[in-house]
Structures are given as structure tokens and as C-alpha cells.
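See structure below.
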Amino acid sequence: MDAAQFKDALIILGAAAVVVPIFHSLKVSPVLGYVLIGMVVGPFGLGAFAADIPWLSYITIKDKDGISHMAEFGVVLLLFMIGLELSLERLRLMRRLVFGLGAVQLIASVLAIATVAYIVTRDVAVSSVIGLALAMSSTAIVTQILAERRQLTAPWGRASFAVLLFQDIAVVPILFAVGVMGGGSGHGALLPQLAIALLKAALTVAAVFAGGRIVLRPLFRRVAQTDKPELFMAACLLVIIATSLATAAAGLSLAMGALIAGLLLAETEYRRQIEVMIDPFKGLLVGVFLISVGMSVDVPRIWAEPLAVAAASAGLIAAKALIVALAAPLFGLTIAQGVRSGMVLGPGSEFSFVILALAGSVGLIGDDTVAFLLIVAALTMAAIPLLQTIGKVLERQLSPVAAPHPATLIPVPEDPGPRVIIAGFGRVGRVTAGLLNAHNVPFLAVDANADTVARARDEGHDVYYGNVKQIEFLRRCGIATARALVLTMDAPKAASEVVPIARAERADLQIIVRARDADHAAELYRLGATDAVPETVESSLQLGEAVLVDVGVPMGLAIASIHEKRAEIRAHHRVRPRVRAPG
């Protein structure tokens, strides 16, 4: 590794340590930060002035090929981590989206883009390659954003990932077709060669899956037994690189092999530890890839042809987004979800670079056209974080008003009588209701989640839908005659809002609240709670009781000690005397 490569690494580390945290504090996606860094330090940014201003050579990267291997490995690690988040079963359930929506999106996008390109170029081969290149979407950036925002399991997130996965699979025949067109092979030889290539890829994937199921678990068990983190890391890298190289040898992408490795390891007990070890490297190396994207943006040409670049970029995003939005209802999604998915799938892709570079090398497309299309691909990729935000707003505006959930239509009894009101019918609420039932204490349970209410009523529980933060709803529930109000919901802020409302309505009401911790309990006492039960304190008291009994302290003495400690903790946090109900 020469001094220039060390300098490039230093620039990248400086960007990660200094610039990206600034973007994070401004609540701007780090993706945009890395791309802008690439534009500034790349050959079309400050690097263009390095020959005239020598000191700029110390803070610029002249050749993106020098960081290309790190950039590609970043995408590989990203797809590996995505594989860990998924599972083979979840992937199987997504097959309709992958081979349905994915196929429709790719075919329709290729046809639409190629048609526009033909109008401009009047060349079938050139327009076909342009359609194939720009129809692809950025696996690296879109999956990074989905992972950051935890949207992989959301309907639009699943649809986006399914389309990306189909595109990754389609890369093999696309690259093969471009190579054949450039080589001038006859159409008669095309189909047999393509069939052989696809068969080779399918056999390789099957072999990787079969070998992984046999080898991976025993391998990681032996490595884990050594209790040496460096060996565990080595095993992770071995699996990632080996599977990536195997799929690359079959004509698939390196990233596809890494995805398969992640899917296989997601089924093992080592999944979480692997995530912890790989995630920091993944984030940094994906940053390198994004910097390389920014370095591809020819800033001077954008200034020279601003209208052409803007029109091509906007048209590409709009056409692909519209195709996904219109196709979405065919596969169980709403148009609003399709719009949000289409906004992130509309830009170009890292595969656009690969396809265009290959087309240029075999003489299918001229260098000037390739350079222009690379600008469009890079700029639209840089806009993905902004497009995701726009898509979120559009989804909210386009979503129809949902029909009321059946549970929300169940009226609360007009006069429930003197009962205990349980607000929140989750895990804690169910336990509380069970104890009241055991002692024949009547209660009325409410919850603000319609699905929870419907599920509980199906099970035979007397639960109603409503928002206890509304005093009118509490009155409807019979707070005027209630024996107690029990707040069991796992929402500290909501509990803090309800307590003063209920206390203002009835000064003598018993208000028992589930608290997050001791500090939250103290706040609830100040607001008027009769009893606040911190989850963390109760857990420690139960643990202490178990310890006392297990070491030989008699059960009665142990229970007495726990009661004394509980009273001591409550007295410490209670800042106002409790108001007891008469009698």
C-alpha cells in the first residue's frame, strides 16, 4: 500500500469522523453527507485544481479506482447484514413481490426508458442498453436507508427490497446480453449461451445454500468455543468473501453471495454476535462506496448542461416511480405505498455504472453519452434520502382515510357501576385483570389499540376501545363511581398525562400506575398517583427475594424484608401524602 492509498484512507476516515457527525446533528442523512464529500474531494471537485494548487493534492482523491475495492466490499457487507435481518422463510413469503412486482418494474422501466432513448438516438442497440442500465435501482443506498429507518418490514420497504432483489438476479442476463451485443454474436447463439449462464448461476447458488447449511453451524460452534473474538471475525469474513467469490465466478454479483451468506447465518444462534462484529465495518465501507458515487459526478458538465441533466434526472425518477405506483395494487399494496417505494427506486444504480462501463468498453455507446448518463445516475442516487422524505409525505397525503376498525365501534357501557378501570390491556393489564377476576372484583378494561381490543374480545375479555387521556371517555367509563383507576400501558408520557386529569376529576380516586423507573415513579407521585410501581424496582425486589430464599433465609423473613424495602423505596419517592378513599 503506497503513500497515496494511505492518504485516501485518511481522507475517508476524516470524513467519517468529522463531517458525517455534523450531518447527523443537522438530522440530514449520512448518505448525502458521504456523496457530497465525494463530490468535493473527487477529481471533478477540488481535485480539478490540484495541479495548479499543489497543497490540494493532500486533501483530494484523484482516482476513484483506488478506493473501488473498498467501496465494493462495503456493498458486500451491507447485503450480508440485510441477509441477517431477513430469513429464508421471510424471503419465501416475499416471492410474489420479488418475481411479480420486481419483474413488472424492471420490464416496464426498460421499455419506457428505451423508448425515450430511441426517440433521441434512433439506435435500437444504444437505446436498449440505456434502458437496461437506468431501469436498475440502487441496492446499496436504498437498503441502507431502509435499515437506518427500520423500514425493511414495512409494506413499502418490503416491496422496495423485493424489486431490488429481482434486479440483482437480473444483472446476470443483462450483463450477458450487453456483452453479446457488443461482441456482435448472432441471435441464434444468444439464447443457448444465456441459458448456460443462468444454469451455471442457479447451480452455484444451490451449491452455496447446500454447503452453507452443512458447514456454517459446526464452523461457528468450533470458533465460538475458542472464545477469541479475532477468530470469530476471521470466520465471518471467510464466509462472506467465499460465498461472494463463488457467486461472482458464476456471473452473479459479489453482493448476491453476501446476501445468501447472511440468509444462511440468520437461521443460526450466532446471528446477533455476527451483527455486532460486522456492523461498524459495514457502515464505514458503505461510506466509501457513497464517496465513490460522489466522485463520479462531473460537476463542470452539470454547469454546462443544467437543463439537460435536470430534465433527464427528473424524467427518470418520475417514470420509474409512476410504474411502481401503478403496479403496486396488483400485488396487494396501495397506490400510496407504491408511490413511496417508487420514489426511492426511481434513481439510478451502482449497476448502472457497471452496465454503462461495459457498454462503453465494447463500443456500444460513445464515451460522451456514457459520461452524461453516469452524471444522471450519480445525481439521482445522491437524491435518494430527499426522495424518501418526499415519498413519505406523498404516502401520507395519498393514503385514503381508513375505515373504522370494528373494535372502535363497540360502545362503552353507559353505567358500568363501581368497578376498577384498567387502562391498557397488554401483558401487565391482562395479569392485573386475572388477579381481579380471581378475587371477584369487577373491572372494565380499555385500550387505545383497536387490534388489541379486537383480539381480547375474541378471547372473551370485556375490553373496550378508547383514549383515557380524554376526560369525557373516563366519565363514560364510570370514573365518578370507580373503585380505582389502574394505568398499565407501556407509555410513560401517556401515564403522566392521565394522572393529573383523573386526579382533577376525583380527589379521592385510587390511581395505581405502572412506572418505567424510580424517577418516573417520583414524577407520578408529584402528579397525584396513589401508588406508582416502577418496573425496574419490582424486578430488583423479586430478584432479591429469590436470592434470600435460595441462600437459606426462611420464606416468611424474606417476604417481610422485601415488603420493608418496597415501603422504604415508596416513601423515598413519594413527595405528597396519598389520598385514601373513604372507608
message = Just checking, does the stretch 492-502 include any residue being at pLDDT 80 or above, of a type in the set (Asp, Glu) and outside any helix (DSSP H, G or I)?
response = no
ask   = Of the numbered conditions (1) in contact (Cβ under 8 Å) with a residue 40 or more places away in the chain; (2) more than 21 Å from Arg92 (Cβ to Cβ), Leu264 satisfies every one except a single condition; which is it?
value = (2)
ask   = Quick one: what pairs do we get from the stretch 438-455, first residue more than 15 Å from Thr488 (Cα to Cα), second aliphatic (A, V, I, L, M), C-beta under 8 Å, 6+ apart or different chains?
value = Val441/Val420; Pro442/Val420; Pro442/Leu436; Ala450/Ala407; Asp451/Ala407; Ala454/Ala407
Residues within the stretch 93-102 that are open to solvent by 20 Å² or more (accessible area, probe 1.4 Å) and either within 15 Å of Ala318 (Cα to Cα) or of a type in the set (A, V, I, L, M) (or both), tallied = 2
message = For Glu267, only one of the following conditions fails: (1) of a type in the set (D, E, K, R); (2) assigned to a loop (DSSP other than H, G, I, E, B); (3) under 27 Å from Met381 (Cβ atoms). What is its number?
response = (3)
query = Does any residue in the stretch 147-165 that is part of a helix (DSSP H, G or I) and at pLDDT 85 or above come within less than 8 Å, Cβ to Cβ, of a residue that is of a type in the set (D, E, K, R) and buried (at least 19 other Cβ atoms within 10 Å of the Cβ) six or more places away or on a different chain, and which pairs are these?
reply = Trp156/Arg340; Trp156/Glu395
inquiry  = Cβ-Cβ distance below 9 Å, separation of 6 or more or different chains: which pairs start in the stretch 555-579 with a residue that is farther than 14 Å from Ala522 by Cα and outside any helix (DSSP H, G or I) and end on one that is modelled with pLDDT of 70 or more and small (Gly, Ala, Ser)?
reply    = Val579/Ala507; Val579/Gly528
ask   = Just wondering, is there one or more residues in the stretch 355-370 that are open to solvent by 40 Å² or more (accessible area, probe 1.4 Å), more than 22 Å from Ala140 (Cα to Cα) and of a type in the set (Val, Ile, Thr)?
value = yes
key: Residue list for the stretch 326-349, filter: in contact with a Ser or Thr (Cβ under 8 Å, 6 or more places away or on another chain) and surrounded by fewer than 24 Cβ atoms within 10 Å (Cβ to Cβ)   = Leu333, Thr334, Ala336
Residue pairs meeting the criteria (Cβ under 8 Å; at least 6 apart or on separate chains; first in contact (Cβ under 8 Å) with a residue 40 or more places away in the chain and farther than 18 Å from Asp298 by Cα, in the stretch 33-59; second aliphatic (A, V, I, L, M) and part of a helix (DSSP H, G or I)) = Ile59/Ile11; Ile59/Val41; Ile59/Leu46
Hits in the stretch 338-371 - residues which are at pLDDT 90 or above and either in contact with a strand residue (DSSP E or B) (Cβ under 6 Å, 6 or more places away or on another chain) or in a helix (DSSP H, G or I) (or both) = Gly338, Val339, Arg340, Ser341, Gly342, Met343, Val344, Leu345
remark   = Note on the stretch 421-440: residues modelled with pLDDT under 85, of a type in the set (A, V, I, L, M) and either in contact with a Pro (Cβ under 8 Å, 6 or more places away or on another chain) or under 18 Å from Val513 (Cβ atoms) (or both) are Val428, Val431, Leu435, Leu436
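Test Arg483 against the criterion of being in contact with a helix residue (DSSP H, G or I) (Cβ under 8 Å, 6 or more places away or on another chain), open to solvent by 10 Å² or more (accessible area, probe 1.4 Å), under 13 Å from Ile421 (Cβ atoms) and of a type in the set (Lys, Arg), and give yes or no.
No, not satisfied.
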key: Residues of the stretch 1-55 satisfying the condition of being aliphatic (A, V, I, L, M), under 33 Å from the mean Cα position of the chain (by Cα) and open to solvent by 80 Å² or more (accessible area, probe 1.4 Å)   = Leu10, Leu13, Val18, Ile22, Leu26
message = From the list Val297, Val324, Val293, Val286, exactly one residue is of a type in the set (Val, Ile, Thr) and more than 30 Å from Pro43 (Cα to Cα). Which is it?
response = Val324
query = Mind checking which residues of the stretch 150-179 are open to solvent by 40 Å² or more (accessible area, probe 1.4 Å) and not hydrophobic (A, V, I, L, M, F, W, C)?
reply = Arg150, Gln151, Thr153, Pro155, Arg158
Yes/no for Leu198 being within 20 Å of Met81 (Cα to Cα) and part of a helix (DSSP H, G or I) = no
query = So which of Gly460, Gly466 is of a type outside the set (Ser, Thr, Tyr), more than 21 Å from Asp531 (Cα to Cα) and touching a residue at least 12 places away in the same chain (Cβ under 8 Å)?
reply = Gly466
ask   = Does the stretch 198-207 contain any residue that is on the phi < 0 side of the Ramachandran plot, at pLDDT 80 or above and charged (D, E, K, R)?
value = no
remark   = The condition from (1) within 24 Å of Leu164 (Cα to Cα); (2) touching a Phe, Trp or Tyr at 6+ places or on another chain (Cβ under 8 Å); (3) open to solvent by 20 Å² or more (accessible area, probe 1.4 Å) that Val223 misses is numbered (1)
message = Which of the numbered conditions does Ala266 fail, given that it passes all the others? Conditions: (1) more than 17 Å from Gly74 (Cα to Cα); (2) under 24 Å from the mean Cα position of the chain (by Cα); (3) surrounded by fewer than 16 Cβ atoms within 10 Å (Cβ to Cβ).
response = (3)
remark   = Scanning the stretch 383-406 for residues that are of a type in the set (A, V, I, L, M) and modelled with pLDDT of 85 or more, the one most open to solvent (accessible area, probe 1.4 Å) turns out to be Leu386
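Look through the stretch 285-317, keep the residues that are in contact (Cβ under 8 Å) with a residue 24 or more places away in the chain and open to solvent by 60 Å² or more (accessible area, probe 1.4 Å), and return whichever of them is farthest from Phe80 (Cα to Cα).
Across the stretch 285-317, the extreme among qualifying residues is Glu305.
The values are calculated or read from the model by the stated rules, or taken from the named source; none is laboratory data. Just so we're clear, the structure is a prediction, and the values are computed from it rather than from any experiment. Neighbour counts are summed over all protein chains in view; Cβ atoms, including those assigned to glycine, are modelled from backbone coordinates with ideal geometry. When the accessible area is computed, the model is the full protein with side chains, heavy atoms only, and any ligands, DNA or RNA have been set aside. Shrake-Rupley method; radii C 1.70, N 1.55, O 1.52, S 1.80 Å.
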